[in-house]
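Working notes, structure below.
The values are calculated or read from the model by the stated rules, or taken from the named source; none is laboratory data. The structure displayed is predicted, hence computed values, not measured ones. When we count neighbours, we look across all protein chains shown, and the Cβ atoms used for this are built from the backbone with ideal geometry, even at glycine.
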Amino acid sequence: MATLTESHADLETTRGPMRVHSFAPVAPGKYPAVIFFSEIFQVTGPIRRMAAALAGEGYLVAVPEVYHEFEPPGTVLAYDQPGSDRGNELKFTKELASYDEDVDVLVSWLRGHGSCSGRIASYGVCLGGHLALRAGFHEGISAVACYYPTDVHSATLGAGKSDDTLMRLGGMEAAMLFVWGRQDPHIPKEGRELIHRTLEESGRDFEWHEFNAAHAFLRDEGPRYNPALARVCAALLLRFLGEAR
């Protein structure tokens, strides 16, 4: 693993500044970029460690604070019931247009970043899995890696709980990787089947993996963490991103 540098920048959006945490190899050069979207808890310890691990493989990793218009910069929600309640409340308070604007701002910033090669992918877990998928509608995103993305099958992301992600998948040009836990109550079997069927009927190429695991099995805190599967999923991600360069 390479020696890393970590920094942050506050990017302007129409809804106020968005703090973005960056992880990258110290060695000078240009690296492919990955926008890493977090869970509903924002940039927690597990998210930082996942970002650092990816950066150590030779990527510029940008992790935005997804609730920047509602919470002060640097806010991290706790992995407890109040934190979960707040994160879920904001998930359905933030406007869909704001989620999409964040992607546009991030892509523009990365294109001008001195360490970015110009190649940009998106990656996310939980809420972030859905945001990574939506990011693939942007022409600047070449690949999307979605780990147990929530609310895709129900089309309930954002204010009004009515998103168009699923219905637009057939028009996405980015390469797609999906990883699921079969014991995840947030994305039941019927939901996964709906997404899979939609992708198949669209004629799009995509990669799909299901494991016997609960929701958030990549998070290295708490009882649902599965370290063996986390290693497998990290290898899947690196191979996928490498092929998409």
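Points worth noting:
- Filter result (surrounded by fewer than 19 Cβ atoms within 10 Å (Cβ to Cβ), of a type in the set (Asp, Glu) and within 18 Å of residue 77 (Cβ to Cβ)) within the range 90-106: none
- Any hit, the range 39-49, residues being in contact with a helix residue (DSSP H, G or I) (Cβ under 9 Å, 6 or more places away or on another chain) and assigned to a helix (DSSP H, G or I): yes
- Here residue 122 clears all of (1) touching a helix residue (DSSP H, G or I) at 6+ places or on another chain (Cβ under 8 Å); (2) assigned to a loop (DSSP other than H, G, I, E, B) except the condition numbered (2).
- Qualifying residue in the range 107-114 (condition: within 26 Å of residue 215 (Cα to Cα) and either crowded, with 16+ Cβ neighbours inside 10 Å or of a type in the set (Ser, Thr, Tyr) (or both)): no
- The range 196-245, residues that are touching a residue at least 12 places away in the same chain (Cβ under 8 Å), surrounded by fewer than 17 Cβ atoms within 10 Å (Cβ to Cβ) and part of a loop (DSSP other than H, G, I, E, B): 203, 204, 205, 212, 220, 221, 222, 245
- First in the range 50-74 and closer than 20 Å to residue 141 by Cα, second anywhere and of a type outside the set (S, T, N, Q) and assigned to a loop (DSSP other than H, G, I, E, B), Cβ under 6 Å, 6 or more apart: 63/43
Residue-by-condition table, conditions (1) modelled with pLDDT of 95 or more; (2) farther than 15 Å from residue 10 by Cβ; (3) in a helix (DSSP H, G or I):
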| position | (1), (2), (3) |
| --- | --- |
| 71 | yes, no, no |
| 75 | yes, no, no |
| 87 | yes, yes, yes |
| 106 | yes, no, yes |
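- Selection of the range 12-27 for residues being in a strand (DSSP E or B), surrounded by 14 or more Cβ atoms within 10 Å (Cβ to Cβ) and more than 18 Å from the chain's Cα centre (by Cα) yields 13, 17, 25.
- From the list 133, 157, 169, 177, the lone residue that is aliphatic (A, V, I, L, M), in a loop (DSSP other than H, G, I, E, B), touching a residue at least 12 places away in the same chain (Cβ under 8 Å) and buried (at least 19 other Cβ atoms within 10 Å of the Cβ) is 157.
- Qualifying positions in the range 137-154 - among the hydrophobic types (A, V, I, L, M, F, W, C) and either part of a loop (DSSP other than H, G, I, E, B) or at pLDDT below 95 (or both): 137, 141, 152
- Complete set of residues in the range 155-182 that are out of contact with any strand residue (DSSP E or B) (no Cβ under 9 Å at 6 or more places or on another chain) and not aliphatic (A, V, I, L, M): 156, 158, 160, 161, 162, 163, 164, 165, 168, 170, 171, 173
- Looking across the range 28-71, just one residue is touching a Ser or Thr at 6+ places or on another chain (Cβ under 8 Å), crowded, with 20+ Cβ neighbours inside 10 Å and of a type in the set (Asp, Glu), and that is 65.
- From 123, 99, residue being out of contact with any strand residue (DSSP E or B) (no Cβ under 9 Å at 6 or more places or on another chain), in contact (Cβ under 8 Å) with a residue 12 or more places away in the chain and of a type in the set (Phe, Trp, Tyr): 99
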